[in-house]
Amino acid sequence: AEDPVSLLCSARDLVRPGGVVAVIHWRSDIPTPRGPSLSIRPTSAQILDWANTAAGLTAPASPLDLPPWHFGLKFLRTS
């Protein structure tokens with residue numbers, strides 16, 4: 001997305017408090033046969049920062065490895 005924080009905020013607004021927002025993205029540490037350019041893929045740490053700092057979401061668990069080319073993050077809307 002051109003504005004990942006706005007996207008996360010919109011997803012947060014769609015769920016009630018206690019609801020889950022899930023993110024699946026292409027890994028940025030390996031080339032893949034499909035997907036966006038490596039140079040524009042966010043890391044899980046970047047997404048965690050955007051979600052926690054700007055979107056008001058909390059991550060109850062560490063990133064999920066979704067082999068061979070993706071990772072996933074699960075966030076909770078706390079308020």
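Just so you know, all these numbers are worked out from the coordinates, no wet-lab data involved. Given the structure is predicted, the values throughout are model-derived calculations rather than measurements. So basically every Cβ, Gly included, is an ideal-geometry build from the backbone, and we count neighbours across all protein chains shown.
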Could you list, in sequence order, all residues of region 15-27 that are farther than 15 Å from Glu2 by Cα and crowded, with 17+ Cβ neighbours inside 10 Å? Val21, Val23, Trp26, Arg27
Among residues of region 27-61, those that are in a loop (DSSP other than H, G, I, E, B), without any contact (Cβ under 8 Å) to a residue 24 or more places away in the chain and touching a Ser or Thr at 6+ places or on another chain (Cβ under 9 Å), counted: 4
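Out of Ala59, Ala11, which single residue is of a type in the set (A, V, I, L, M), in contact with a Leu (Cβ under 7 Å, 6 or more places away or on another chain) and surrounded by 14 or more Cβ atoms within 10 Å (Cβ to Cβ)?
Numbers: Ala11 fails: in contact with a Leu (Cβ under 7 Å, 6 or more places away or on another chain).
Result of the check over Ala59, Ala11: Ala59.
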Give me a count of the residues in region 62-79 that are in contact (Cβ under 8 Å) with a residue 24 or more places away in the chain and either within 17 Å of Arg12 (Cβ to Cβ) or part of a strand (DSSP E or B) (or both). 11
Of the criteria (1) among the hydroxyl-bearing types (Ser, Thr, Tyr); (2) over 17 Å from Leu73 (Cα atoms); (3) crowded, with 18+ Cβ neighbours inside 10 Å, which one Ser37 fails: (3)
